[in-house]
């Protein structure tokens, strides 16, 4: 149990900067999820923390002790950082019990009681102790890797995409077991992932790593509901973006006058709402915007609905429970529940961060499944 | 699938980087450098000696009939042997891999087996059968029969790896079976075929015992003769330099061929196994031909040794029946030097291999390449250089067991390095990192993670080196301490004095040892050394 503090951490490989001044604080005993697209520097961050690579500049402190700085490099084995790798990295020549006991002091390695307690802490049956690691399922292997990492009572546990090799159903189950085991051990933990739903579900805080810097660090709810810019909004989930204006503390757009989650200056803005905020009330207000259903993608427990607004012909996406999915061609009334975000436009009509598709139909449809079903976008 | 993709992605991210960044431990680099230096020492010494000869003297010594004759002998034999082994090896591989040959598994074992017989034993068998077999024809016959597996094995492996769909596509595009072989199959086999043939050429260049018994003069036999007659001088070092130059040229050609040895498979989809073609009536002549090959390559050596084992009456040809103590002593020496040689080669190869696998960079690649140079230095050159060096600088080492073991380690370093490299490549670096993060220092990681995981692969590598060391002749003849006799030197000594019957028991023991270890080694390899690796 210890506090992790990362200060202006930078690292370049062959002249190409990968991390450019990362700041991160992880409170003792908490779990922070680091979310980043591939190539954002997640793996490099973990390798620097665990001491497999040397830092270029910046500072890493664990519990007040400097482990990495330009002049200091504490060897990996002296940092007391548990590491759970993507592929588990279980020792194939050792039994389950010997894997768990690997990092224990010599005298404790034969302590059956201790090993059994560790296995139990990750929900693995004690009868597995004498098995070979490859006889375990993927999820069990990951839990075993966690038990092995927790065994020497590390100050900090790093988890490098530990669920990415598991299929969807197993992932949820393993995630819960890992969360529970981490919470029970009281260890400070850092989870690295490129899966938005995983980061939101597991982190007390989520830190988004973008182009080598921490773009936003917030609780999952704040991150999802109040992302700092449009790119962030898109990265952590599906977003409906409409042009509008802010006046008198509310946003005006084709969906009506909407309350703001965060105050914004009056002027031209892009309004961001989440698809699940757009509902089809059975008793709509008189001034409720009307839309026609263009298409419906049915996922089972929910369905995404592509709508064309009657007034402006703009297209928006809505997410509704599966059993309430409308039919294509149907006309519906809309209501936006909750608050929205407004991002000022840099100058008239164009957006500052990156060019936006002007119509929602041009948005990629595929990643919609990502946040909703827990199916991770993964490369074949 | 998804896991593999993201894992390899992370791997690329990490690997592309680590080459530039990670600094290998100084002790490891030092150990690797010692190995590489020991390998380079004989080459550099040979070059230095030859260069120190006055230029005009050197020209006079090089441009004379003897050198021309040696060059003609050697080069013509190398070319003929490469060609003959290429044809026989490829044909045999094709028949076993692509035809519905009865007993394919047995044939593939029989065709590879001659590798376990040292060429000078093959030579002994043929020489003792007939006096007619001498000079070029005999040398070509012996070398071809001893070395064709060097072509057969890689070509067979390449044939197994070929995508049959390519051939089917060629046929569907209107190509005949023969045209398909020439235009589609052969080009794909080229790296394996060329690589194998170049290895044959290299081994032919460096072979000594077989040619000496056949009275066929090459650079190696000439070097040995000059050393024995005490004429070793500038002339010897110049001859050695010519030989080393030829060898290194071949070695570089082999590097080049192996470098672009892989043709990428374009497209997706799982690969099918090819369906063996029906031999039909041709099965009988084919079986007869393969049978004849097996008889010539295995039957003759084993049969002749067997024959001479029971010729006690031939006192005229065998002056003294070898005693059991002499046999036991020679066996003990062969096994002992084999063990020490294998251990020394592995010890020397391990830091070089670890450095090359875990810390790839320009420098570590250079060190590894230097180690592979040993493959291109004939045993006789290494031995002569070591003799001169020890006599001049470290007298006590001369004719000591340690020097002989060192020579073995240098000669078989490439062999050991190949297995060290292959073994270490199979151990994911994540395991070592996991152990480090669990609080183990590098020594502990080496002992608790790397050693147990590498044990199987290194054991197999050690067995291979053991076979070669325990049957090695050239360096053993020149460097063994006075009075030390191994199975190989006993076979040599008796055969040179035409005591074929006396040589037989030593040769028999040597083959038993070699086949036994090969069998163990093959068993080890076939057992999935890393079962259940995820």
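Odds and ends about this structure:
- Test: residue in the stretch B:204-225 that is within 24 Å of residue B:50 (Cα to Cα) and without any contact (Cβ under 8 Å) to a residue 60 or more places away in the chain: yes
- Among the residues here, residue A:66 qualifies as without any contact (Cβ under 8 Å) to a residue 12 or more places away in the chain and more than 8 Å from chain B (Cβ to nearest Cβ).
- Test: residue in the stretch B:462-477 that is under 30 Å from residue B:359 (Cα atoms), in contact (Cβ under 8 Å) with a residue 40 or more places away in the chain and within 14 Å of chain A (Cβ to nearest Cβ): no
- Of residues in the stretch B:427-461 being under 29 Å from the mean Cα position of the chain (by Cα), surrounded by 19 or more Cβ atoms within 10 Å (Cβ to Cβ) and closer than 19 Å to residue A:101 by Cβ, the one nearest to the other protein chains (Cβ to nearest Cβ): B:453
- In the stretch A:22-34, the condition of being touching a strand residue (DSSP E or B) at 6+ places or on another chain (Cβ under 8 Å), within 19 Å of residue B:439 (Cβ to Cβ) and assigned to a strand (DSSP E or B) is met by no residue.
- Flag for residue A:58 being more than 27 Å from residue A:17 (Cβ to Cβ), touching a strand residue (DSSP E or B) at 6+ places or on another chain (Cβ under 6 Å) and either more than 10 Å from chain B (Cβ to nearest Cβ) or in contact (Cβ under 8 Å) with a residue 60 or more places away in the chain (or both): no
- Set side by side, the residues B:248, B:298, B:287, B:279 differ, and just one is buried (at least 16 other Cβ atoms within 10 Å of the Cβ), more than 25 Å from the chain's Cα centre (by Cα) and modelled with pLDDT of 85 or more, which is B:287.
- The set of residues from the stretch B:1-57 being modelled with pLDDT under 80, in contact with a helix residue (DSSP H, G or I) (Cβ under 7 Å, 6 or more places away or on another chain) and more than 14 Å from every other protein chain (Cβ to nearest Cβ) comprises B:53, B:57.
- In the stretch B:61-89, the residues that are in contact (Cβ under 8 Å) with a residue 40 or more places away in the chain and more than 25 Å from the chain's Cα centre (by Cα): B:61, B:62, B:66, B:67, B:69
- Filtered residues of the stretch A:146-189 (kept if closer than 11 Å to residue A:82 by Cβ, within 13 Å of chain B (Cβ to nearest Cβ) and not in a loop (DSSP other than H, G, I, E, B)): A:146, A:147, A:148, A:149, A:150, A:156, A:157, A:158, A:159
- Condition check for residue A:203: surrounded by 21 or more Cβ atoms within 10 Å (Cβ to Cβ), more than 20 Å from residue A:46 (Cα to Cα) and in contact with a helix residue (DSSP H, G or I) (Cβ under 7 Å, 6 or more places away or on another chain): no
- Selected residue [closer than 27 Å to residue A:291 by Cβ and either in a loop (DSSP other than H, G, I, E, B) or touching a strand residue (DSSP E or B) at 6+ places or on another chain (Cβ under 6 Å) (or both)] from A:242, A:223, A:209: A:242
- Condition check for residue A:273: within 23 Å of the chain's Cα centre (by Cα) and crowded, with 21+ Cβ neighbours inside 10 Å: yes
- Hey, residue A:182 within 30 Å of residue A:56 (Cβ to Cβ), in contact (Cβ under 8 Å) with a residue 24 or more places away in the chain and buried (at least 19 other Cβ atoms within 10 Å of the Cβ) or not: no
- Those residues of the stretch B:39-61 which are surrounded by fewer than 18 Cβ atoms within 10 Å (Cβ to Cβ) and not in a loop (DSSP other than H, G, I, E, B), in sequence order: B:40, B:41, B:44, B:47, B:48, B:51, B:55, B:56, B:57, B:59, B:60
- Against the numbered list (1) surrounded by 15 or more Cβ atoms within 10 Å (Cβ to Cβ); (2) closer than 30 Å to residue A:191 by Cα; (3) without any contact (Cβ under 8 Å) to a residue 60 or more places away in the chain, residue A:308 comes up short only at (2).
- Among the numbered conditions (1) more than 30 Å from residue B:235 (Cβ to Cβ); (2) in a helix (DSSP H, G or I); (3) in contact with a helix residue (DSSP H, G or I) (Cβ under 6 Å, 6 or more places away or on another chain), the only one that residue B:360 does not meet is (2).
- Qualifying residue in the stretch B:394-417 (condition: in a helix (DSSP H, G or I), more than 30 Å from residue B:509 (Cα to Cα), more than 14 Å from chain A (Cβ to nearest Cβ) and touching a residue at least 40 places away in the same chain (Cβ under 8 Å)): no
The values are calculated or read from the model by the stated rules, or taken from the named source; none is laboratory data. Here the structure is a predicted model, which means the values were calculated and not measured. Using ideal geometry, Cβ is built from the backbone for each residue, glycine included, and neighbour counts are taken over all protein chains shown.
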